[in-house]
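The values are calculated or read from the model by the stated rules, or taken from the named source; none is laboratory data. These figures come from a predicted structure and were not determined experimentally. Every residue, glycine as well, gets a Cβ built from its backbone with ideal geometry; the counts of neighbours run over all protein chains shown.
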Amino acid sequence: MVQFAQQVVSGLASGSIYAALALAIVIIYRSTGVVNFAQGEMATFTTFIAWTLVDHGVGYWPAFALTLLIAFAGGVALERIVVRPVEGGPVLTIVILTIGLFIMLGGLSNWIWKAEVRSFPPNRPFPTSTWDIGGVAISKQDVGILGVTLGLVLLLYLLFQHTKIGLALRASALNPAASRLVGIRVGWMLALGWGLAAAIGAIAGMFTAAASPPLDPNMMRPVLIYAFAAAVVGGLTSPVGAVLGGLTIGVSLNLIATYDSHLHLDLDRMRLPIALGAILIVLLVRPAGLFGRAAVRRV
Amino acid sequence: MSRLAAARVAVTAIALAAATVAVFLAPRWDKVGDIKGAQMGVYFIALLGLNIVTGYTGQISLGHGAFMAVGGYTTAILVADHGVRDLWTIPIAGLVAGIAGFLVGVPALRLSGLYLALVTFGLAVAMPDILSWDKLERVTHGGKEVQLFGKPALTGKGFADVSILGQTVTFTRAVHYLTWAVALVLLVVAWLLLRGPPGRAFRAVRDSEVAATSSGVNIAAYKTFAFAISAAYAGIAGSLLVIAVAFADPQAFPAKLSLTLLVGVVVAGLGSLWGVLAGAAFIEFLPDAAVHVSKAQGVPDTVYGAALILIVLVLPTGVAGGLRRALTPLTTRLYTRS
């Protein structure tokens, strides 16, 4: 039971990282109807920027905040320069474009920062000690990651639901033409969505590096698949669904890996195929996800 | 047959003949040249397949490297563990990969193209792990290299010469010829398939699902068919790749392979068969060219990605479409809107 509780807590921590990336995917999907395959590589790239900042003597949390700003600006720039010209084009084109971004950013991370072992952050952002609650050792880092991620999700929720800009963001995603008529600058709202997504992705990247060192140019590839699974489980359109989906995926993967020591199925290695299986099952049984709304298409 | 169609047939025939000559007579290469030529042939076949499903049917597959893995492993296992002659495993590899494509395609195709992209991307990333799974060890050797002939892999060195039609050629040269012979056969098959009713149905599905349904095209059936055929092509490509290097291991089929194939098919021009040659050459030789820019890791990827983005933004019809436009007389372009 103690082991169970412990695995649930650490599953929630890694799950909150998947949730953050899934949230980034959902924000872009809601506004453009396209899944951004480059989301993970964008996160890796910004994490390397954070590493560079820290390497130049900036403290961890200032660098963290600065990186979020840089990621936001980068996301806006990407949307304006690369995605804008094909806005409203076929899904195929935009998907290929994000795959191009995926390959290019992955290549750039490998090129600029080479493939040498780095630890990031040099000093852990959270204390390494643990709390002992009823025999369950809960790492402060896990709680910290969970707390910061959920806090940011809450901020995002407030932004979307209780500000004018959030209203404009939701409106332009829902009905671009009508939004334009009432004076919303839809193009900039889409760019804003990309910026927000990039910033949230950056959090996922920096926490992935902290939770599973070392910092590696390919670290977000598996996380991206878990985030896809989380987003699909959550229904791709629902931010709350993405967060719950991420936590679910994180906890289930952790439990599966733990109890595999009794089953001997080598399931720890099969985390990615299991996530893929989850995607397939959800798509087959309930394509709208657990929290999404079914899409209706006029034929 | 209209004049336009006749001209297209003629051009295709000439291109085919030229390709045949270039492939079989031109190479006076060393071993490395042979291997590179064979690898380009492998890419060519895989791109043909990918183009059928992505270019003609409009379904995004980001997982064709995984189907190459299925084909490659079929060959490796049949040769290494069951003593089947390597040549005969090629069609079997195509068949097995085709079935795998069918099984993946059936559930994914019930949903929109975006989900297919998601699922195939997941498949590409998960494939090396599936191949390394302990529970499949009896079949796949659990992530260890599968040696075809019980010899260490030395990229062709030390393999016995092969006798073809009374001529003795080195193993690598034989592999090169074999790959391109298969490639030409498959090119003709693809061409016949795509210029007939199935090709028309594929394009209808791509251009408007609603219109295709109204015209009596069974969308699900054609999508699945295209996906299975396309996976079979990838399987044959994977089989030839394994034959060329005489071993298979999960790392030979990383997720990157699938994405590289997508780059190739976009460079080629979606929906163009002969552009595939340019696409295959691009992904085969770009890493060599990139070394001149910088020896750092990641340079080829940076160029691949940038090329992909640039082509989508500037030359959406790929090399083939660009050439076609350049060759069309200016007057035609002035008076007709594409």
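Quick look at the numbers
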read-out	value
A:PHE126 closer than 24 Å to A:SER212 by Cβ and outside any helix (DSSP H, G or I)	yes
Residue within the range A:133-141 that is away from chain B (no Cβ under 14 Å) and either in a helix (DSSP H, G or I) or in contact with a Leu (Cβ under 9 Å, 6 or more places away or on another chain) (or both) present	yes
Inter-residue pairs, beta-carbon under 9 Å, first more than 7 Å from chain A (Cβ to nearest Cβ) and in the range B:127-138, second of a type in the set (Lys, Arg), 6+ apart	B:GLU137/B:LYS144
In the range A:257-295, the residues that are touching a helix residue (DSSP H, G or I) at 6+ places or on another chain (Cβ under 8 Å), modelled with pLDDT under 75 and closer than 19 Å to A:VAL243 by Cα	A:PRO287, A:GLY289, A:LEU290, A:PHE291, A:GLY292
Of all residues making up the range A:210-250, the number that are in contact with a strand residue (DSSP E or B) (Cβ under 7 Å, 6 or more places away or on another chain) and modelled with pLDDT of 85 or more	0
Flag for A:GLY144 being touching an Asp or Glu at 6+ places or on another chain (Cβ under 6 Å), surrounded by 17 or more Cβ atoms within 10 Å (Cβ to Cβ) and without any contact (Cβ under 8 Å) to a residue 24 or more places away in the chain	no
Given (1) more than 18 Å from A:SER212 (Cα to Cα); (2) in contact (Cβ under 8 Å) with a residue 60 or more places away in the chain; (3) surrounded by 19 or more Cβ atoms within 10 Å (Cβ to Cβ), index of the condition A:THR47 fails	(1)
Entirely in the range B:205-301, the helices (runs of 4 or more DSSP H) that have 1 or more residues that are surrounded by fewer than 22 Cβ atoms within 10 Å (Cβ to Cβ), small (Gly, Ala, Ser) and in contact (Cβ under 8 Å) with a residue 40 or more places away in the chain	B:219-245, B:275-293
Helices (runs of 4 or more DSSP H) (entirely within the range B:9-118) containing at least 1 residues that are in contact with a strand residue (DSSP E or B) (Cβ under 9 Å, 6 or more places away or on another chain), at pLDDT 75 or above and at negative phi	B:64-82
